[in-house]
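The values are calculated or read from the model by the stated rules, or taken from the named source; none is laboratory data. Note that the structure is predicted; figures quoted are calculated from it, not measured. Methodologically, a virtual Cβ is constructed for each residue, glycine included, from the backbone with ideal geometry; neighbour enumeration extends over all protein chains shown. SASA here: full protein model, heavy atoms, side chains in, ligands and nucleic acids out. Shrake-Rupley method; radii C 1.70, N 1.55, O 1.52, S 1.80 Å.
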Amino acid sequence: MRLKNVFYVIGGGGAFLVFAVPLLWALFRSVQPNEVIVAAPDASTFFHLTWDNFRTLIEGPGNLIRAVGNSLVVALSTAVLTAVLATLAGYGFARFRFRSGPVLFALVVVSMMIPFQAILTPLYLELNVLRLTDSLFGLILFYTTVNLPFGVFVMRNSFASVPVELEDSAHVDGCGTLRMIGSVLRPLVTPGAATVALYAFLAAWTEFLGALTFLTRDELYTLPVALVNVQAGAYGEVNFGSLVAGSVIAMIPCVVLYVGLQRFYVSGLASGAVKG
């Protein structure tokens, strides 16, 4: 038993190093001047640390603070809207029996296999007709649409794992459907909803191609698009210091949110994987 614990510690320590070392290395590089990053390692300058990279991003012409705000608005709105719609649709697929239900759910699962890049042009034309291009609201609807199939899949399986007898008891006590979902079933499906929200947030926060396609005004750019604009210096020279600093800024919400929702995320994925 003691040897087994040693193997657990070694394996856990190795996994921690695999995930933590790249993050710590990026954080260390973000506080180094660009000329130190691109130069050969030199002990005399390697530990010359400065906040100039972050200062350049914040005070520069790239409007990085505005881009961070845009990304937060888009990612949070996408996470909330996707979780709400996926919860309602998942409950419908899990509890209501109708003739086309299995076919519709199969279409939802199949749509998860289609990359949005393959339908980017018709999506752009549709949003353009609706006058939702160059709009954060249009981008939110786009991200919600793309992430909704996964959310419906997870929430349908989460509701399917809840005994029907709980709902029957709630109905006997006079509880309506919406109140039952919010009061009785909510604690049981919270891991699934947290998984959907976290997945949608990370997908919207890091997505680049859709934001580049649907947005053309600088004041609406999200963080990934803004980082592309600020990474290049004069004559095409890449400013690696600013790029690494921007990557660290983009990494912080992802790490914080994942650590905070990790137990729900793992439980929700397990529920969605083993329940049919």
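Has region 8-18 got any residue that is open to solvent by less than 80 Å² (accessible area, probe 1.4 Å), closer than 23 Å to L243 by Cβ and out of contact with any strand residue (DSSP E or B) (no Cβ under 7 Å at 6 or more places or on another chain)? No, region 8-18 has no match at all.
Scan region 20-27 and tell me whether some residue there is in a helix (DSSP H, G or I), more than 27 Å from the chain's Cα centre (by Cα) and not acidic (D, E). Within region 20-27, none of the residues are in a helix (DSSP H, G or I), more than 27 Å from the chain's Cα centre (by Cα) and not acidic (D, E).
Within region 126-165, the set of residues being over 13 Å from A203 (Cα atoms), in a helix (DSSP H, G or I) and of a type in the set (S, T, N, Q) comprises N128, N157, S158. In region 116-135, the residues that are of a type in the set (D, E) reach residues that are open to solvent by 70 Å² or more (accessible area, probe 1.4 Å) with C-beta atoms within less than 9 angstrom, at least six apart or across chains, in these pairs: D134/T216; D134/R217.
Condition check: surrounded by fewer than 20 Cβ atoms within 10 Å (Cβ to Cβ) and of a type in the set (A, V, I, L, M, F, W, C). Does V172 satisfy that? Judged against the criteria, V172 is a match.
When A106, A89, A67 are screened for being open to solvent by less than 60 Å² (accessible area, probe 1.4 Å), under 21 Å from A193 (Cβ atoms) and modelled with pLDDT of 85 or more, only A89 passes. Scanning region 28-50 for residues that are assigned to a helix (DSSP H, G or I) and out of contact with any Ser or Thr (no Cβ under 7 Å at 6 or more places or on another chain) yields F28, R29, S30, N34, E35, I37, V38.
D173 fulfils the conditions (1) closer than 28 Å to L125 by Cβ; (2) out of contact with any Cys (no Cβ under 9 Å at 6 or more places or on another chain) except for a single criterion, (1).
Taking each residue of region 178-205 that is more than 13 Å from F150 (Cβ to Cβ) and looking for partners that are assigned to a helix (DSSP H, G or I) and among the basic types (K, R) with beta-carbon atoms closer than 9 Å, six or more apart or interchain, yields P191/R263; A194/R263.
Restrict the check to region 158-170 and report whether at least one residue is under 24 Å from V73 (Cα atoms), in contact (Cβ under 8 Å) with a residue 60 or more places away in the chain and of a type outside the set (S, T, N, Q). Looking through region 158-170, none of the residues is under 24 Å from V73 (Cα atoms), in contact (Cβ under 8 Å) with a residue 60 or more places away in the chain and of a type outside the set (S, T, N, Q). Identify, from the list V38, V31, the residue that is surrounded by 10 or more Cβ atoms within 10 Å (Cβ to Cβ), in contact (Cβ under 8 Å) with a residue 12 or more places away in the chain and either over 29 Å from L57 (Cα atoms) or over 30 Å from the mean Cα position of the chain (by Cα) (or both). Checking each option against the conditions leaves just V38. Of all residues in region 170-185, those that are at pLDDT below 80 and in a helix (DSSP H, G or I) total 11. Against the conditions (1) in a helix (DSSP H, G or I); (2) out of contact with any Phe, Trp or Tyr (no Cβ under 9 Å at 6 or more places or on another chain); (3) open to solvent by 20 Å² or more (accessible area, probe 1.4 Å), W205 satisfies every one except (3). Checking each residue in region 168-214 for being among the acidic types (D, E) and within 17 Å of T82 (Cα to Cα) picks out only E207.
Considering region 125-146 alone, what residues qualify as being open to solvent by less than 90 Å² (accessible area, probe 1.4 Å) and over 23 Å from V80 (Cα atoms)? Listed by number, the list holds a single entry, N128.
For region 249-258, does any single residue satisfy the condition of being closer than 30 Å to F159 by Cβ, open to solvent by less than 80 Å² (accessible area, probe 1.4 Å), modelled with pLDDT under 75 and part of a helix (DSSP H, G or I)? The answer is no; no qualifying residue exists. The number of residues in region 3-57 being more than 24 Å from I252 (Cα to Cα) and among the basic types (K, R) comes to 1.
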